[in-house]
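Remarks on the structure that follows.
The values are calculated or read from the model by the stated rules, or taken from the named source; none is laboratory data. Every value quoted in this text rests on a predicted model; they were computed, and no experiment measured them. No Cβ is skipped: glycine too gets one built from the backbone with ideal geometry, and neighbour counts run over all protein chains shown. Note: areas computed on protein heavy atoms with side chains; ligands, DNA, RNA excluded. Shrake-Rupley method; radii C 1.70, N 1.55, O 1.52, S 1.80 Å.
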Amino acid sequence: MSTTTETYKAFIGGEWADAASGKTMEVINPATGEAIAVVPACGAEDVDRAVEAAQNALPAWLDTTPKERSELLHKLADVLEANAEELAQIESRNVGKPLMASRDEMPFSTDNLRFFAGAARNLEGKSAGEYIAGYTSIIRREPLGIVGGICPWNYPLMMAVWKMGPALAAGNVQILKPSEQTPLSLLRFVQLAQDVLPRGVLSVVTGDGVPAGERIVSHPAVRLVSLTGDVATGKLIAKNAADTLKRVHLELGGKAPMVVFDDADPEAVAAGIRLAGYWNSGQDCTAGSRVIAGPKIYDKLLEALVPQVESIKVGDPFESDEIEMGSVISQSQQERILGFLDRAKGATVITGGSTNGHRGFFVQPTVVIDVKQTDEIVQDEVFGPVVTVQRFADDDQAIAWANDVRYGLAASVWTRDVGRAMNAVRRLQFGTVWVNDHLLPITSEMPHGGYKQSGYGKDMSIYSMEEYTQIKHAAFKID
């Protein structure tokens with residue numbers, strides 16, 4: 001694999017540009033620790049330039065028809081589909097994830113763009129009618145105008161698409177800021193698709209959350225900010241956005257329980273945990289990080305789980321196509337994950353628990369038992385390849401433990417009893433609940449978003465279009 005360092009620019013108003021300050025920042029391959037690219041370290045002045053370009057582009061974009069926007073989104077999907085392998089390679093190198101994972105994300109991202117291309121032409125509302133004598137009322141669903149998107153580092157291109165699709169389909173213009181750690185796949189995609197959209201409709205500014213992301217949030221002309229990130233950042237953005245009363249759409253952290261009842265198949269559950277707990281090195285807000293198992297299945301599940309976890313092939317994604325789990329994103333993230341394990345006093349690590357050598361930022365797939373519900377490692381998001389396993393006494397305790405965290409993004413239930421599954425789905429306080437599976441059942445047609453401190457607002461599905469539109473009542477006096 002080449003270790004050549006590439007140079008990228010920000011995309012502002014249809015032009016490739018350096019930061020106004022001239023400052024740059026390195027992008028690291030976390031599987032090797034080597035610098036692979038240099039990007040602009042954009043600041044508030046660069047965001048202001050992007051907003052000005054968006055303001056110039058907005059009037060003409062507002063006049064486009066749903067059909068025209070739909071056709072452009074299909075063209076974006078065509079570009080992504082035609083260059084899927086190149087983008088997957090970039091994603092793998094920048095995030096440290098296996099190629100098998102980044103390749104899976106490309107058709108899903110393409111499908112998401114195509115879904116919103118269709119959704120652009122299918123917005124519906126209340127029928128026009130006479131609700132006051134002598135007047136006809138109609139409802140208009142209109143775009144917000146300029147919207148901002150702040151993307152995470154775990155799924156850089158896919159999460160950008162989740163924000164781009166509904167925003168553009170609804171008729172908004174957009175400024176995206178990728179994570180300072182993983183900007184490369186989005187920048188390359190925009191390079192490939194730069195002639196598809198009119199100038200200024202989509203800009204991409206690179207750089208740190210402060211000052212670049214902060215300026216997107218504070219700029220009075222930006223009417224919505226969509227963040228995928230951690231809870232602390234979400235709270236800060238919500239507070240700062242209040243100064244301009246802009247909308248905030250937040251998809252934040254998770255601590256997903258996998259509730260395993262005694263009648264479940266332990267082998268099937270173990271295989272499910274192997275995927276759900278360790279996909280993308282556990283760096284997923286919906287990762288199955290808490291297994292809550294019944295008293296009769298607990299021991300059998302551990303017997304099946306340990307060999308499953310120990311069979312995961314870990315390493316630099318470019319060393320072999322058979323690699324199933326790569327590195328975590330950075331040295332600081334590696335240290336954070338290992339810190340959770342160091343502080344888990346009284347807990348027992350039954351497999352994993354360390355690094356995977358000195359090159360790159362790796363953490364072994366890890367299983368931890370003998371944990372209490374109040375332990376930090378159970379309550380807080382580790383965001384790494386660490387799964388805790390608890391033994392519950394009865395169904396009520398299982399549901400109570402599952403709900404007893406501040407997060408509420410995703411959960412799963414494992415049982416052969418339909419009634420028990422339906423009851424658990426009803427009682428679990430999570431935005432998504434899967435039955436007898438975890439992580440895989442995600443589709444463009446269904447909404448994705450959290451309860452509690454996992455945030456508010458929905459990605460994907462037609463519900464996402466509601467985040468990027470506003471409702472207007474118009475009344476016509478009848479002569």
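Observations on the structure shown:
- Remark: relative contact order (the chain) = 18 percent; criterion is Cα-Cα distance under 8 angstrom and separation of 6 or more residues.
- Couplings 3J(HN,Hα) for segment 212-227, derived from phi with the Karplus relation 6.51 cos²θ - 1.76 cosθ + 1.60 (θ = phi - 60°), are 5, x, 4, 5, 4, 5, 8, 5, x, 7, 7, 9, 8, 10, 9, 10 Hz, where x marks Gly and Pro.
- For the chain, calculated [θ]222 nm from helices alone, where every DSSP H run of n ≥ 4 adds -39500 (n - 2.57): -11000 deg cm²/dmol
- For the set LYS296/LYS452; LYS177/LYS246; LYS239/LYS452; LYS97/LYS235; LYS239/LYS458, the pairs lying more than 22 angstrom apart at their alpha carbons are LYS296/LYS452; LYS97/LYS235.
- Sorted on the mean count of surrounding Cβ atoms within 10 Å across their residues, most packed first, peptides 376-389, 13-26, 98-111, 246-259 read 246-259, 376-389, 98-111, 13-26.
- All alpha carbon pair distances within segment 1-130 were sorted into 5 Å bins beginning at 0; the resulting P(r) in whole percents reads 2, 9, 12, 13, 16, 17, 15, 8, 4, 2, 1, 1, 0, 0.
- For segment 334-479, alpha-carbon Rg and Dmax in angstrom: 20.4, 81
- A Förster radius of 25 Å combined with the Cβ-Cβ distance from ASP342 to ASP208 puts the calculated FRET efficiency at roughly 0.30.
- Across all Cα atoms of the chain, the radius of gyration (one decimal) and Dmax (whole number) stand at 23.1, 81 Å.
- Using the 1.4 Å probe convention, the accessible area of the chain works out to 40 Å² per residue with neighbouring protein chains retained.
- Charge context of GLY282, other residues only, Cβ under 13 angstrom, K/R +1, D/E -1: +2
- Normalised contact order of segment 331-479, rounded percent, pairs of Cα under 8 Å and 6 or more residues apart: 14
- Treating each Cα of segment 99-203 as an identical point scatterer and summing with the Debye formula, the log10 of I(q)/I(0) at q = 0.12 Å⁻¹ comes to -0.50.
- Spin-label zone in segment 394-417 - amide nitrogen under 20 Å from a point set 7 Å from the Cα of LYS239 along the C-beta vector: 406-407
- Carbon-plus-sulfur accessible fraction, the chain (probe radius 1.4 Å, protein heavy atoms only): 50%.
- Label zone at ARG420, where the point sits 7 Å out along the Cα-to-Cβ direction: segment 258-299 residues whose backbone N lies under 16 Å: 258-270, 292-299
- Spin-label model distance (nm) - SER330 vs VAL435, 7 Å beyond Cα toward Cβ: 4.2
- Put simply, the amide H of ASP208, placed in the peptide plane, has neighbours under 5 Å in CYS42, leaving out anything fewer than 5 places away on its chain.
- Diffusion constant of segment 199-242 at 20 °C, which comes from Stokes-Einstein with the Kirkwood Cα-pair radius and 1.002 mPa s, µm²/s: 190
- Cα convex hull of segment 220-310, projected area averaged across orientations, nm²: 7.4
- Among beta bridges identified by DSSP and lying wholly in the chain, the antiparallel ones come to about 40 percent.
- Full extension of the chain between GLU319 and SER137 yields a length gain of 59.2 nm, computed as 0.36 nm times the residue separation minus the alpha carbon distance.
- Isotropic mean projected area of the C-alpha convex hull, segment 292-369 (nm²): 6.0
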